[in-house]
1. Search segment 123-148 for residues that are farther than 11 Å from Cys183 by Cα and at pLDDT 95 or above and pair each with any residue that is open to solvent by 40 Å² or more (accessible area, probe 1.4 Å) and of a type in the set (Phe, Trp, Tyr) when their beta-carbon atoms are under 8 Å apart and the residues are at least 6 apart or on different chains.
2. Among the residues of segment 159-198 satisfying the criterion of being among the aliphatic types (A, V, I, L, M) and without any contact (Cβ under 8 Å) to a residue 24 or more places away in the chain, which is least open to solvent (accessible area, probe 1.4 Å)?
3. Do we have any residue at all in segment 51-69 that's outside any helix (DSSP H, G or I), of a type in the set (D, E, K, R), farther than 25 Å from Cys167 by Cα and under 19 Å from the mean Cα position of the chain (by Cα)?
4. Only residues in segment 251-280 that are open to solvent by 70 Å² or more (accessible area, probe 1.4 Å) count as the first member; pair them with residues that are among the polar types (S, T, N, Q) and at pLDDT below 85, Cβ under 9 angstrom, at least 6 apart or cross-chain, and list the lot.
5. Please specify each residue of segment 79-111 satisfying the condition of being within 21 Å of the chain's Cα centre (by Cα) and open to solvent by 70 Å² or more (accessible area, probe 1.4 Å).
6. Here is a check on your reading of the model: is Thr232 among the hydroxyl-bearing types (Ser, Thr, Tyr) and either buried (at least 21 other Cβ atoms within 10 Å of the Cβ) or assigned to a loop (DSSP other than H, G, I, E, B) (or both)?
7. Any idea which of (1) closer than 25 Å to Ala220 by Cα; (2) touching a Leu at 6+ places or on another chain (Cβ under 8 Å) is the one Thr177 doesn't satisfy?
8. Anything in segment 17-71 that is open to solvent by 20 Å² or more (accessible area, probe 1.4 Å), touching an Asp or Glu at 6+ places or on another chain (Cβ under 7 Å), within 19 Å of Gly83 (Cα to Cα) and of a type in the set (Gly, Ala, Ser)? List them, or say none.
Amino acid sequence: MTELERPLSGSVVAITGGTGGIGLATARSVVAAGAKVALGDLDGELAASEAASLGEGNFGGRLDVTDFDSFESFVDAAETELGPLDALVNNAGVMILGPFEEESVEKTEKSVGVNLFGVMNGTKIAMKKMKPRGRGQIVNIASQAGKTGFPGGATYCATKFAVVGLCESVRNELAGTGVGVTCVMPGPVKTELAAGIGNARGVRWLLPSEVGDGITKAIATGQAEVWLPPSTRFLQPPTSILPAGARDWLMRAFNADTVLAHREEDPGRVAYEKKALSGD
């Protein structure tokens, strides 16, 4: 890749949840495009190690996205090490599943804290940093579960619907400032977070690298929405105008109603959710 083909050459990109899955794949992609990265994670030592593995001039540190002060300290440290932030990717997230009426308060608070408050914290901090400079891109990872509610994942879907709304609101608040907002809506991705979930008919699973490359392109171009796979962008508008009964019928017809439901006994899911709840 030549310098002319490195659209983010010299840029500084911070990524939350940066030590695995979509976060680490995005880090590799933006570094290949010429950027320097700051990886944030609850495990600060792992974040520093993964940042070092990407080459010289990168940074990794501890970050609890649910704690505003922790988030602000991480961004300040990243800017001290690497320079002013050009993009923030709010990627950290959890997927905790099960019947909504049986969901504990602990599980609800964990999901909302990481998936929504974490994104809100990062978005606010990035706005304060970027607006005075007149440039920057805020990238929030939502999901196609932010457009369709799936049984067994009520709180997860609710947080992702909220992130989609947050992106639309803040994008318009920032109009004319030089700061953009990107909402990323992937389908199922082969990561630890998706352990044990089912398959809907006709749905292709994504590799983390595909999502990472989509995010890199969005940062470089200022793209407002990223649908992955791209073809899914054209499925949502027609279904959204159908009456609720017809949408529910389609969900059952494509087995989408079982994708998140009744997954809590799967060994891989049990292990993932235990880890997600513990914060390890």
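The values are calculated or read from the model by the stated rules, or taken from the named source; none is laboratory data. Given the structure is predicted, the values throughout are model-derived calculations rather than measurements. Cβ atoms come from the backbone with ideal geometry, glycine included; neighbour counts cover every protein chain shown. Only protein heavy atoms, including side chains, enter the accessible area calculation; ligands, DNA and RNA are left aside. Shrake-Rupley method; radii C 1.70, N 1.55, O 1.52, S 1.80 Å.
1. From residues that are farther than 11 Å from Cys183 by Cα and at pLDDT 95 or above, the pairs are Lys124/Phe68; Ile125/Phe68.
2. Just the residues of segment 159-198 that are among the aliphatic types (A, V, I, L, M), to begin with: 162-164, 166, 170, 174-175, 179, 181, 184-185, 189, 193-195, 197.
Retained after the next criterion (residues that are without any contact (Cβ under 8 Å) to a residue 24 or more places away in the chain): 164, 175.
Details: Val164: 13, Ala175: 73 Å².
Within segment 159-198, the match that is least open to solvent (accessible area, probe 1.4 Å) is Val164.
3. Taking segment 51-69 as the starting set, the residues that turn out to be outside any helix (DSSP H, G or I) are 54-67.
Keeping just the survivors that are of a type in the set (D, E, K, R) gives 56, 62, 64, 67.
With the extra rule that they be farther than 25 Å from Cys167 by Cα, the set shrinks to 56, 62.
Among the residues that remain, those that are also under 19 Å from the mean Cα position of the chain (by Cα) are: 62.
Checked against the condition, which is being outside any helix (DSSP H, G or I), of a type in the set (D, E, K, R), farther than 25 Å from Cys167 by Cα and under 19 Å from the mean Cα position of the chain (by Cα), segment 51-69 yields at least one hit.
4. Correct list of pairs: Arg252/Thr258.
5. Answer for segment 79-111, where residues must be within 21 Å of the chain's Cα centre (by Cα) and open to solvent by 70 Å² or more (accessible area, probe 1.4 Å): just Glu109.
6. no
7. Among (1) closer than 25 Å to Ala220 by Cα; (2) touching a Leu at 6+ places or on another chain (Cβ under 8 Å), the lone unmet condition for Thr177 is (2).
8. Ser70, the sole residue that qualifies.
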